[in-house]
Amino acid sequence: MNTGTIPLNLAIMVICSDGRNDAWISLLQGKVTHLYMLKGNNCLEFPPDDPDGVLLSVDELPKDVDGLLFHSSDGKHWENVSVSARYTFEFNTPGTPQPKPGVLPVYRQTFPHFAITPGDIDELLAYIAHPQATLPRICQPLPTLDLLPALHLLCQWVLRPPSGQTEDNGCAPQWWLGKLGLLTPAEVDQPACQRLFAQYQEEGGQPEQAEPIYPGIHQLLTHLLPRRDDGYVLGAAPVPLDVVQAADRDLQQRLGDTKPQEMDEPADDREDIHAILSVQVSTPQGSFLTTTAAALLAEQLGIVHHALALASDALIVSPDYQKSPLLLSDRQITCLPTLRKHGFAGAVLVLSPSSFAILKQNHRVLRFGQGSHDALIIPFRLEDLRAKLETLVPMEPQNLRFLQDELTAIKELYDREILPCLESLEQSNDDRALAEVSTLLEKLRSKTPVACHTLVTIGEDTQQTQHHLRQALQQLQQSPDDQSRNYNYLKAAFAQWHDLVQSTAGEQLNLNRAS
Amino acid sequence: MTIPRIVILEDDELWLARHERRLTTAGFDCYATQDAKEAIKAAKTDPAIKFVLVDEVLYIPPVPRKAGEGELQRWQGHGVIREITAQRSDVQFIVISAAPQWASDEEGGDQQIFRRETQRLRRQQGVIDIVHKLDIEDDPDGSYGWIIDLLKRSQVSTKAEVVSPRILIGWGFSKETHEAMAEQMDMPRRQFLPLAALLKKSGAGANKLLEQLEQRAEEQQVFLEMPGSKRLDPLKGIKPHSSAFQILSFLARQTERQANILIQEQDYHHSSRSTKKAFSVEVESDSLERQDYAFGVGDDGRRRLKSGVQIEGKVEKSSPLKVAIHRLSQQLHKLNVGPARQLFDYKPEDNGYRPSFELGIVVYAIKPAKDKLPSS
């Protein structure tokens, strides 16, 4: 609870059914005069000085609030209470809500790492209180680095080709654009060229109509795509070596030097890689230039026979390539659950500015099988790409099964079984209801053994989810005097399980709808 | 005899140390590791390794980690077993599972999923038992004693030994009676007491004791014990007083009496469900009269069928025991005891059925009935 500041005269409502609502409430409480929370069918009001909140009926909720924050999965609860808001914010697990009219997306991860700070909340409340203020930073997408790392890779190929490789047609503009996946055979794609230059400005911090901050990169791009009166055209002349060198210097200055990367031992039982896949997903912050360039260069290096790009509207890998390695940018990890659900077992190499240690902390889906998931920190050397690909192996069938089971568990178990079971238990905790819970827990353990084995903290007690659930059930069975507390414990244990499984699945359902 | 080497693969260092200490104290040479890759390598390359104790779900150490964290190793228990058996078919495995048993029997919980999970683990090649961590926590001496005993038994037995599941009839007694019996048998900590031990002590009066105990048992149920397993799974599908129970109970009593383990038509008391009256068209007649009517003596002095007489094959009535055995076989097959056709052998010379699985009787303590929760 925040104290010591005068609360703003605002009414804010948080709609979220899982543990994240507490995180929002703890940041918001004390900063506004009226704070409401809708958690499933429970409505609470949090006066500035009451951390427990006051239970309200649905009728007691206000019809209008100043700001409303809702989790993507809880839209239906919002519809049920019909509360309108001046400003609406949508958040989800990885921080990738789809932009919608009248709804501001929160581009921050909310689970397992709740990446909202008190400063972010101050900005958000200031925006609600004074609309002329700038858009809160949490509603602005973080700048991505995609074009520049891709150009860095291509410059390496031209200037420092890996042993046994020649530059080939490395100096022809067609080669550069082809490796970026932007070349269309008929004519230059004008919108794609405009996006490319916009991306350069964003990634290089280049203000419009100003002198180029990185003249080398700018010169390279204008050489590849010179602008004429009727738009961009494909450069006719080969790119001179000095232009590439100048661009390379600028890229190193912008991206930093390539650092030595941690490498595992190559796997003994690794089979030949048939193909490398990359994904061209058009998520709002999606990026695929670096992964496309890396995949195509890996093909040219002879690491694989083919490099294939998966279209954004068909995240299903053909059976021939189910075990091929996949290159993803960190923004594309959200599409991995969908691929895994459809049986994709290939290794995943994430090309990202963050280390794998950070990535796997934020993305549970990357933790299902050591040796099948790894990251290359941008910028990286081509030799490191080869070395990483040699260490990765496809997922073991058991790990894939564990993951697939978790990915389907939310829909199959939580929505269809756990919620109705909790409702019936709340109404009547007789032996029959308890036996139903007992059977359900067995199903949970059988269907999601990894989530059930994961340590979670409830109150001050840290133990495996399955042991929390078991303990909660035993308490319900053995201590009829304190049913309310025991029921809340069971609900909290289920919520922890839900959060874990939800974080694995990410917001894949949203992605499916978008694609 | 050389001491076999045992690989202990457990991601949690506390459990690893616990297993290692117990088995080393029991005289085994242990190779303890948290890394699946290392365990696979050791088992594949060291011929002295004969057993592997393997955890079901394996995280990258250190385990336990902070809440919400944990990355799975490349191989899980199932994968480790598959990798090792691909090269070493002589290695045997005991799977250590952390799966809690959610419901106790009297709470009416459906344990089918738990049983199915356990059976799924047991079906893997080379797996001789599944031990649950909660059992070890509840009774460390008993559980480790069991594992050590199992390892020693498996070490002595040849690998061609045929092991079959056991069906046990359980007789439930009050806690006090159970404790008294346990004391008499010198098995104070055992949940299930083998009746054979008690009968052996009683000597000549064994049959009488058997009958008395059966009459005094407050409840009866059927348990399944899979090969090498310590855990007895109650078979809720077979109710007392059912035909299946009657057959199994009879055969179990025969086993305990050390009599011929065979059930014949006369041992099976069938109560027909049929309400329709069967009309008998058979004419009451003396068998000698029938023979006089049908047969005569020919010129050559031989006995022949008279001209115009035809003997009709007698249609056998379907045997109630045969039907009951068929149904029981189907039931046991579903419980993974074995293929239905192989569970009972028909012995024409004895006109009875002999089970291909082992049977026995155990005595257990009935848990006191739980107070019903008030409905709110």
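The values are calculated or read from the model by the stated rules, or taken from the named source; none is laboratory data. Remember, predicted model here, so these are calculated numbers, not experimental data. As a convention, Cβ positions derive from the backbone with ideal geometry for all residues, glycine included, and neighbour counts pool all protein chains shown.
For the range B:118-141, taking the residues that are part of a helix (DSSP H, G or I) and either touching a strand residue (DSSP E or B) at 6+ places or on another chain (Cβ under 8 Å) or at pLDDT 85 or above (or both), the one that is surrounded by the most Cβ atoms within 10 Å (Cβ to Cβ) is identified as B:T118.
Consider the range B:40-56 and keep the residues that are buried (at least 23 other Cβ atoms within 10 Å of the Cβ) and within 14 Å of chain A (Cβ to nearest Cβ). The one that is farthest from A:T110 (Cα to Cα) is B:I40. Checked against (1) farther than 18 Å from A:W175 by Cα; (2) in contact (Cβ under 8 Å) with a residue 12 or more places away in the chain; (3) not in a helix (DSSP H, G or I), A:I213 meets all criteria but (2). All of A:G40, A:G75 fail the test of being within 24 Å of A:I418 (Cβ to Cβ) and either touching a Ser or Thr at 6+ places or on another chain (Cβ under 7 Å) or in the same structural domain as A:A492 (by TED's automatic domain parsing) (or both), apart from A:G40. Here the condition is being touching a residue at least 12 places away in the same chain (Cβ under 8 Å), of a type in the set (D, E) and crowded, with 19+ Cβ neighbours inside 10 Å; of A:D330, A:D320, it holds for A:D330 alone.
Taking the conditions exactly as written (facing chain B (nearest Cβ under 10 Å), among the polar types (S, T, N, Q) and farther than 29 Å from A:L490 by Cα), does A:Q370 satisfy them or not? Judged against the criteria, A:Q370 is a match. In the set (1) modelled with pLDDT of 85 or more; (2) in a helix (DSSP H, G or I); (3) not hydroxyl-bearing (S, T, Y), A:F380 fails one condition alone, (2). Residues that are touching a Gly at 6+ places or on another chain (Cβ under 6 Å), of a type in the set (S, T, N, Q) and closer than 21 Å to A:A115 by Cβ: does the range A:26-42 have at least one? Among the residues of the range A:26-42, not one is touching a Gly at 6+ places or on another chain (Cβ under 6 Å), of a type in the set (S, T, N, Q) and closer than 21 Å to A:A115 by Cβ, which makes the answer no.
Every condition in (1) surrounded by fewer than 23 Cβ atoms within 10 Å (Cβ to Cβ); (2) closer than 30 Å to A:F114 by Cβ; (3) away from every other protein chain (no Cβ under 14 Å); (4) in contact with a Ser or Thr (Cβ under 9 Å, 6 or more places away or on another chain) is met by A:S354 except one, and the failing one is (4). Scanning the range B:69-110 for residues that are surrounded by 20 or more Cβ atoms within 10 Å (Cβ to Cβ) and modelled with pLDDT under 70 yields B:A99, B:P100, B:W102, B:A103, B:G109.
Quick grid of which residues meet (1) within 20 Å of A:I410 (Cβ to Cβ); (2) surrounded by 23 or more Cβ atoms within 10 Å (Cβ to Cβ); (3) away from every other protein chain (no Cβ under 11 Å):
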position	(1), (2), (3)
A:G459	no, no, yes
A:Q464	yes, no, no
A:L469	yes, yes, no
A:Q475	no, no, yes
A:R485	no, no, yes
A:A492	yes, no, yes
A:W497	yes, yes, yes
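When the residues of the range A:383-403 are filtered to those that are in a helix (DSSP H, G or I) and either hydroxyl-bearing (S, T, Y) or within 14 Å of A:L327 (Cβ to Cβ) (or both), which remaining residue is nearest to the other protein chains (Cβ to nearest Cβ)? Filtering the range A:383-403 for residues that are in a helix (DSSP H, G or I) and either hydroxyl-bearing (S, T, Y) or within 14 Å of A:L327 (Cβ to Cβ) (or both), the one nearest to the other protein chains (Cβ to nearest Cβ) comes out as A:T391. Between A:E423, A:E406, A:E442, the distinction of being charged (D, E, K, R), part of a helix (DSSP H, G or I), more than 11 Å from chain B (Cβ to nearest Cβ) and buried (at least 19 other Cβ atoms within 10 Å of the Cβ) belongs to A:E406 only.
Restricting attention to the range A:78-107, the residues that are modelled with pLDDT under 85 and charged (D, E, K, R) add up to 1. Residues that are in contact with a Phe, Trp or Tyr (Cβ under 7 Å, 6 or more places away or on another chain), outside any loop (DSSP other than H, G, I, E, B) and of a type outside the set (F, W, Y) occur at least once in the range A:141-154.
Within the set of pairs 6+ apart or on separate chains, which have a first residue in the range A:195-207 that is surrounded by 15 or more Cβ atoms within 10 Å (Cβ to Cβ), a second that is among the aromatic types (F, W, Y) and part of a loop (DSSP other than H, G, I, E, B), and C-beta atoms under 8 Å apart? Going by the 8 Å Cβ cut-off, the qualifying pairs are A:G204/A:Y214; A:Q206/A:Y214. Regarding the range A:57-75, can at least one residue be identified that is within 30 Å of A:W497 (Cα to Cα) and in a loop (DSSP other than H, G, I, E, B)? Yes, there is a match, as at least one residue in the range A:57-75 is within 30 Å of A:W497 (Cα to Cα) and in a loop (DSSP other than H, G, I, E, B).
Here is a yes/no grid of residues against (1) touching a His at 6+ places or on another chain (Cβ under 9 Å); (2) buried (at least 18 other Cβ atoms within 10 Å of the Cβ):
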site: A:S17; (1), (2): yes, yes
site: A:L68; (1), (2): no, yes
site: A:F89; (1), (2): no, yes
site: A:H113; (1), (2): no, no
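Of all the listed residues (A:V450, A:V501), the sole one being within 11 Å of chain B (Cβ to nearest Cβ), assigned to a helix (DSSP H, G or I) and at pLDDT 85 or above is A:V450. Could you list all residues from the range A:102-116 that are free of Cβ contacts under 8 Å to residues at least 60 places away in the same chain and part of a loop (DSSP other than H, G, I, E, B)? Matches in the range A:102-116: A:G102, A:V106, A:R108, A:A115.
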